[in-house]
1. Using every Cα-Cα pair within segment B:24-107, state what percent have a distance larger than 15 Å.
2. Would you please give the residues with an amide H less than 5 Å from that of B:Gly160, counting only those at least 5 places away or on a separate chain, with H modeled from the backbone geometry?
3. Taking each residue in B:121-128, count the Cβ atoms of any other chain within 10 Å of its Cβ, then average. What number comes out?
4. Assuming a viscosity of 1.306 mPa s and a temperature of 10 °C, what translational diffusion coefficient in µm² per second does Stokes-Einstein assign to segment B:147-224, Rh being the Kirkwood radius over Cα pairs?
5. Rounded to two decimals, what is the ratio between the C-alpha radius of gyration of chain A and 2.2 N^0.38 Å?
6. For the cross-link pairs B:Lys34/B:Lys65; A:Lys51/B:Lys104; B:Lys54/B:Lys257; B:Lys104/B:Lys154; A:Lys82/A:Lys160, which exceed 19 Å when the distance is taken from alpha carbon to alpha carbon?
7. Fewest Cβ neighbours within 10 Å first, please rank A:Arg214, B:Arg138 accordingly.
8. On a straight-distance basis, which aspartates and glutamates could pair with B:Lys216 in a cross-link, Cα separation under 20 angstrom, same-chain partners fewer than 8 positions away excluded?
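Values quoted throughout were computed directly from the atomic coordinates according to the rules given, and no laboratory measurement underlies them. Predicted model, so just to flag it, every value in this text is computed and none were measured. All Cβ positions, even for glycine, are placed from backbone atoms using ideal geometry, and neighbour counts span all protein chains on display.
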Amino acid sequence: MSEFFSIDFAISILPRLLYAAGVTVQLTLTSFAIAMVVGLPLALGRLSSFKIVSSAAGAFIEFVRGTPMLVQLFLVFFGLPKLGLSLQPVTAGVLTLSVHYGCYIAEVYRGNLQAINPTQREAAWSLSLSPFDTFKSVLIPQTIPPMIPILGTYLIGMFKDAALLASISVFELLTTAKLIGTESFRYTEPMTIAGLLFLFMSLAAAGLTRLLERQWTNR
Amino acid sequence: MDESMTPHVFLPTTKDAFVVASEVPACEFIHVGKQFGTLEVLRDINLEVRRAEKVALIGPSGSGKSTLLRTLMTLETINAGEIKVNGETLTNGSWTPDQQRSDKPAARARRRRIGMVFQQFNLFPHMTAAENVAVAPRKVLGLPRNEAEERAQKYLSMVGMSAKANELPLRLSGGQQQRVAIARSLAMEPEIMLFDEVTSALDPELVGEVLAVLRKLGEESDLTMLLVTHQMEFARNFADRVAFLWQGQIHEVAEAKSIFDNPTEERTRQFLRAVLESH
Ligand SMILES: Nc1ncnc2c1ncn2[C@@H]1O[C@H](COP(=O)(O)OP(=O)(O)OP(=O)(O)O)[C@@H](O)[C@H]1O
Ligand SMILES: [Mg+2]
């Protein structure tokens with residue numbers, strides 16, 4: 001049992017780790033989808049011509065981007081109950097991940113919305129398109145494709161940040177690997193496998209990004 | 001121009017059906033003034049355009065030609081006076097900017113009588129030619145998808161662009177993009193069409209195909225058309241009247257032939273001489 005890496009042991013813990021990896025994938029993809037949605041009103045808020053709205057959105061975004069996610073995670077998980085809102089670890093984790101990344105995504109939305117030539121709005125206006133249709137059919141479809149590479153980077157970052165949820169005992173991949181370590185006093189195998197699984201997820205996300213990018217440019 | 005390049009336009013004509021109702025001007029500028037900050041860009045503009053009339057706006061750069069069209073499209077607010085369309089107030093200088101640029105249904109319905117084509121085409125780059133044309137009929141007029149598509153086909157064929165219906169703008173030449181942009185505006189079936197230097201961004205060999213579309217529209221429809229152009233030859237043959245703008249004012253407005261042959265104002269004469277010499 002003193003060997004550096006036991007293949008047998010690795011194989012025996014693989015199912016548990018794969019299951020945990022599945023949880024990480026679910027957590028990440030869910031949070032990512034929510035972040036994409038959350039980012040939009042934040043970006044619009046920041047672009048709003050109402051000073052109060054734009055300042056509030058701006059302050060919130062800067063706060064979230066300027067503080068470590070772990071701090072936010074603890075605020076949500078340990079702080080909110082003090083205000084009477086207790087959340088399950090998974091819920092708190094998804095909330096924190098999605099709002100944290102939502103703020104980054106908001107800035108990308110904002111940048112890309114501002115980069116659209118104002119003549120696009122003028123064309124929409126002269127066709128009598130409503131502000132909502134202009135936004136939905138003209139502006140948003142033009143902001144998404146250039147965002148794909150950046151969104152891919154955020155998705156990969158999110159897979160890795162999902163490991164922070166270990167600190168509020170969400171049973172994702174890293175928590176499980178650590179748990180196996182403490183149970184068996186063997187860390188090399190679970191951590192190696194967990195690392196490989198993280199790498200695999202990142203590569204998959206990168207591959208998906210490239211695929212989507214090609215899809216859009218070939219259109 | 002090669003005959004095969006001429007787009008086939010066949011707008012239904014209702015010219016004959018015109019009776020007394022057409023006495024109401026298609027649009028009216030009444031003492032319209034416009035400032036950008038302290039810069040006075042339009043001053044006491046008065047202009048009545050009859051239905052189906054073609055009016056060309058000419059004048060030196062910065063004289064306010066684009067701004068004049070843009071106020072009629074409500075892309076710009078006005079600071080004084082009033083603009084009427086079909087006898088109804090479109091916008092009024094005493095209204096707040098928010099009122100003038102209202103997106104309420106009633107305001108949008110008034111605006112719907114007017115279409116505009118721009119120098120840089122401004123097609124939606126993520127939509128095919130057909131989608132560009134169909135989007136407003138679908139979203140604004142609420143046509144079902146298949147009807148909006150049929151309408152798109154109809155107007156694309158009108159500008160000779162049926163063959164490229166499924167291409168993205170990126171794959172089209174400038175002249176083709178501009179023809180799609182014209183079809184896109186026509187598909188909303190406006191009564192007034194505004195053209196702001198629609199051939200200025202085109203390579204010289206592509207200007208003809210766009211002018212041909214305008215000519216056909218002029219001959220075969222009862223559209224009221226206001227166009228800004230530097231093509232004096234075209235303005236002379238195409239327009240019923242020509243307005244010469246100078247420093248934000250309509251300095252002279254007259255029948256096309258007479259303004260070119262016998263300009264009464266010295267400034268008009270100078271401008272025309274300068275333009276003709278540079279060609
Ligand atoms: N958004 C704006 N803000 C400030 N000034 C403007 C704006 N748009 C136009 N102007 C100014 O208004 C004046 C008239 O501009 P306009 O574009 O109407 O001229 P034009 O006759 O169309 O000229 P051109 O032949 O060069 O297109 C110019 O002095 C221009 O600089
Ligand atoms: Mg202009």
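1. 57 percent
2. Correct list: B:His8.
3. 5
4. So the translational diffusion coefficient is about 124 µm²/s.
5. In units of the globular-protein estimate, chain A measures up at 1.23.
6. From B:Lys34/B:Lys65; A:Lys51/B:Lys104; B:Lys54/B:Lys257; B:Lys104/B:Lys154; A:Lys82/A:Lys160, over 19 Å: A:Lys51/B:Lys104; B:Lys104/B:Lys154; A:Lys82/A:Lys160.
7. A:Arg214, B:Arg138
8. Partners found: B:Asp2, B:Glu3, B:Asp16, B:Glu53, B:Glu189, B:Glu191, B:Asp196, B:Glu197, B:Glu205, B:Glu233, B:Asp240.
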